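S.K.: The structure is given below, and queries will be raised subsequently.
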Amino acid sequence: MNTTGSNGVMQNAAAVYEKSRASFNNFKAWVQLDSTHLSDGRQLAVKYFTVAVILFFAQILFGLLAATQFIFPGFLYEILDFNVNRMIHINAMIVWMLFGFIGSVYWFLEDESGAEIVGLKLGNIAFWVFTGAVTLVVLVYLLVQIGPGKDSSLWFINEGREYIEAPRWADIGIVVVILIFFYNVVATFSKGKWSGIAGVLTLDLVALAGLYLAGMFYMTNITHEQYWWWWVIHLWVEATWEVLVGVIMAWSLMKLLGVRRKIVQTWLYIEVALMFGSGILGLGHHYFWIGTPEYWLTVGGFFSALEPIPLVAMVVHAVYDAGTHAFKNGNHPALAWIIAQAFGNFFGAGIWGFMHTLPQINIFTHGTQWSASHGHLAFFGAYATINIAFFYLAIQQWRGNVWMGGGSQNAWRWKWALGLLNGGVLGMTIALLIAGYEQSFIERAVEGSTWGGYFTAQNHPSFQHAMGWRLFFGCMTLTGFILLVWDLLTIGKGETRKAPAIIEN
Amino acid sequence: MIEPVALEDFFITFFSSALIILAGASYALLFAWSKVNPNFRIKIAAYISYAILIISVAELTQAAQFQGYWLIISFVMAIGYFFAPIGIWHLCVKTHADQDLIKIKEDI
């Protein structure tokens, strides 16, 4: 390369860099967020929240691409295939929720322990390593879509297991990052003070890191393979994540509504007992059709029938609290998203789950769009909502604990974002429910799970229409997301009133 | 051994399953509300919800062809959904021992 050419490239690169820096500075001046309001620990938390929001966008984007391919199968064919879009859609969801949960824990860690985070530097390094690894994994998914299934592909390209496709090096990285996170939590509580919330959180993190290991080894028998794979998929989601959300919710109820610690902790223990009591052996409903012994039909059916009980407990407790407290709170969007969590969890996990969980009907519904319908409402209702509530808690403090209650400026934005996101997800859920019903009826029951039955069901008008409606409601979800981001960047800007300090009742 | 749901019973199976959870939650909600606001009509509404739950359990039992030990699930749902809200209510009262509106109303 000649000197003039390389100088030109350098100058262009410098110009692009300067332009980007200027744009970033303009953006910072526009959002007017002041990090001096946040402790170092909370600054780390908002880094996690920022990446969570970006990955939330990736989830919606790749979901929309996959939804479009259901209607136009030739769309992006051999450029960005359906299997890749679906994989990134689901992986992005899992990872953005993890980023959100880790961020939420870092957010309350110093407050709860009364001490500064012990390994803050390590925590920051882990954050950048995790973010870099996720970026690299997604880039590899996109750039190497097809290739031979060798040991090297397992280590560097794609592990090939549904939902946990990350290559082995990234798996190891995830465990290391979770261990650093675990160290930070335990060491910080040890330096400061322990509490019931701290104890439950610590035990839950042991399970969170430990169970992931079950998805990192292979067995040659497909039944054994699936048996362990479900430990990650089911036990993460229906046990460790639920408990993690219980911990996050417990802390936020104290801070948002001033509920007494003793009450919150007692109920956290009760909920954990109910969750584990029903959720661990509820795992059996995934063992119905993978070649495990027949007793799993009974175990899975029985414990699945018990799984809605913690949700019913929540209903009774909510009414009790509503009868004894007049809700006064200075962060309406966060409270609204927490209420959305209670409803979303009840409908998505409780009703949509139980409708098709008993083996007598599940024999026809498993693996159809019915599962996708349940998955969309349950994941959004139980997990996305609590993360969004925390984003609003964070932004309030980032602006210096400003008033975000009644009479706030531009409150329509968060209300519309709430309505569009919930309406969009509910619409997709119902569209997928119709598609799943048709599939289980025609493909499974009438045509006996044959290839012919599969295609008959896929081409049936009710399936096709349902896919059209799913795309429509997916676009509604995207609109809600854009509004949510706009609101998060602007809410409380220019607000001079301070939120009142919430004290325990 | 399980007997898969018959084709004509698909809808009733989904519908009765969903109704069990909905009626269970309505019963829990109305039961708790009748404690906070001791009104006879709310209590009656709670028991109507429970009656709907029982009918739904019976429908599901028939549609899903429960037999033998599978009938235990129906029995547990019928008993469990009745007593769970009562038990949880007592837990609420005990864990909030020194807060009072409820106590006052119950005393009345």
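S.K.: Assess whether A:Leu33 counts as being in a loop (DSSP other than H, G, I, E, B), within 22 Å of A:Phe99 (Cα to Cα) and touching a Leu at 6+ places or on another chain (Cβ under 9 Å).
M.R.: Against the criterion (in a loop (DSSP other than H, G, I, E, B), within 22 Å of A:Phe99 (Cα to Cα) and touching a Leu at 6+ places or on another chain (Cβ under 9 Å)), A:Leu33 qualifies.
S.K.: Only one of these is touching a Leu at 6+ places or on another chain (Cβ under 9 Å), at pLDDT 95 or above and of a type in the set (A, V, I, L, M, F, W, C): A:Ala340, A:Ala384. Name it.
M.R.: Criteria check complete, one pass: A:Ala384.
S.K.: Which count do you get for residues in region B:58-68 that are of a type outside the set (Gly, Ala, Ser) and at the interface with another protein chain (Cβ under 7 Å from one of its Cβ atoms)?
M.R.: 1
S.K.: If you don't mind, another one. For A:Tyr106, are the conditions met, namely being assigned to a helix (DSSP H, G or I) and either farther than 27 Å from A:Ala394 by Cβ or at pLDDT 95 or above (or both)?
M.R.: Details: assigned to a helix (DSSP H, G or I): yes; either farther than 27 Å from A:Ala394 by Cβ or at pLDDT 95 or above (or both): yes.
When the stated conditions are applied, A:Tyr106 passes them.
S.K.: Next question. Does A:Ala342 satisfy being part of a helix (DSSP H, G or I) and over 30 Å from A:Ala411 (Cα atoms)?
M.R.: It is false that A:Ala342 is part of a helix (DSSP H, G or I) and over 30 Å from A:Ala411 (Cα atoms).
S.K.: So which of A:Ala411, A:Ala499, A:Ala394 is within 30 Å of A:Asp321 (Cα to Cα) and touching a Lys or Arg at 6+ places or on another chain (Cβ under 8 Å)?
M.R.: Of the residues listed, the single one that is within 30 Å of A:Asp321 (Cα to Cα) and touching a Lys or Arg at 6+ places or on another chain (Cβ under 8 Å) is A:Ala394.
S.K.: Looking at (1) buried (at least 21 other Cβ atoms within 10 Å of the Cβ); (2) touching a residue at least 40 places away in the same chain (Cβ under 8 Å); (3) within 27 Å of A:Phe181 (Cα to Cα), find the lone condition where A:Trp231 falls short.
M.R.: (1)
S.K.: Can you tell me which residue within region A:349-373, out of those that are out of contact with any His (no Cβ under 7 Å at 6 or more places or on another chain) and within 30 Å of A:Ala250 (Cα to Cα), is surrounded by the most Cβ atoms within 10 Å (Cβ to Cβ)?
M.R.: A:Ser373
This table checks each residue for (1) at pLDDT below 95; (2) on the phi < 0 side of the Ramachandran plot; (3) more than 14 Å from chain B (Cβ to nearest Cβ).
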| position | (1), (2), (3) |
| --- | --- |
| A:Arg444 | yes, yes, no |
| A:Arg470 | no, yes, yes |
| A:Phe473 | no, yes, yes |
| A:Gly480 | no, yes, yes |
| A:Trp486 | no, yes, yes |
| A:Arg497 | yes, yes, yes |
| A:Ala501 | yes, yes, yes |
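S.K.: Testing A:Ser113 on (1) of a type outside the set (A, V, I, L, M); (2) within 21 Å of the chain's Cα centre (by Cα); (3) surrounded by 18 or more Cβ atoms within 10 Å (Cβ to Cβ), one condition comes back false. Which one is that?
M.R.: Looking at each condition in turn, A:Ser113 falls short on (2).
S.K.: Going by the conditions given, is A:Ile117 free of Cβ contacts under 8 Å to residues at least 40 places away in the same chain and outside any helix (DSSP H, G or I)?
M.R.: Taking the combined requirement at face value, the residue does not satisfy it.
S.K.: Report those helices (runs of 4 or more DSSP H) wholly inside region A:398-498 carrying at least 1 residues which are under 23 Å from the mean Cα position of the chain (by Cα).
M.R.: A:411-438, A:461-490
S.K.: Looking for whichever is of a type outside the set (Phe, Trp, Tyr) and in contact with a Lys or Arg (Cβ under 8 Å, 6 or more places away or on another chain) here; the options are A:Met216, A:Met275. Which one fits?
M.R.: Only one candidate qualifies: A:Met216.
S.K.: Taking region A:141-162 as the region of interest, how many residues are crowded, with 16+ Cβ neighbours inside 10 Å and closer than 18 Å to A:Gln59 by Cβ?
M.R.: The qualifying residues number 1.
S.K.: Provide a single number: the residues in region A:348-364 that are at the interface with another protein chain (Cβ under 9 Å from one of its Cβ atoms) and outside any loop (DSSP other than H, G, I, E, B).
M.R.: Here is the first cut: in region A:348-364, the ones at the interface with another protein chain (Cβ under 9 Å from one of its Cβ atoms) are A:350-361, A:363-364.
Those still in the list that are outside any loop (DSSP other than H, G, I, E, B) too: A:350-354, A:359-361, A:363-364.
Count: 10.
S.K.: Can you pull out every residue in region A:392-426 that is basic (Lys, Arg) and at positive phi?
M.R.: Within region A:392-426, none qualify.
S.K.: One residue is enough: does region A:120-141 have a residue meeting the conditions outside any helix (DSSP H, G or I) and more than 20 Å from the chain's Cα centre (by Cα)?
M.R.: no
S.K.: Looking only at region B:24-47, count every residue that is in contact (Cβ under 8 Å) with a residue 40 or more places away in the chain and more than 7 Å from every other protein chain (Cβ to nearest Cβ) and tell me the total. I'd like the intermediate steps shown before the answer.
M.R.: Taking region B:24-47 as the starting set, the residues that turn out to be in contact (Cβ under 8 Å) with a residue 40 or more places away in the chain are B:24, B:27-28, B:31-32, B:35-38.
This time we only want the ones that are more than 7 Å from every other protein chain (Cβ to nearest Cβ), so: B:27, B:31, B:35, B:37-38.
Residues meeting the conditions: 5.
S.K.: Somewhere in region A:71-81, is a residue in a helix (DSSP H, G or I) and without any contact (Cβ under 8 Å) to a residue 60 or more places away in the chain?
M.R.: no
S.K.: Go through (1) in the same structural domain as A:Asn91 (by TED's automatic domain parsing); (2) within 19 Å of A:Val105 (Cβ to Cβ); (3) among the basic types (Lys, Arg) and name the single condition A:Lys255 misses.
M.R.: Exception for A:Lys255: condition (1).
The values are calculated or read from the model by the stated rules, or taken from the named source; none is laboratory data. Fair warning: this is a prediction, and the values are worked out from it, not measured in the lab. With ideal geometry, Cβ positions are generated from the backbone for all residues, glycine too; neighbour counts draw on all protein chains shown.
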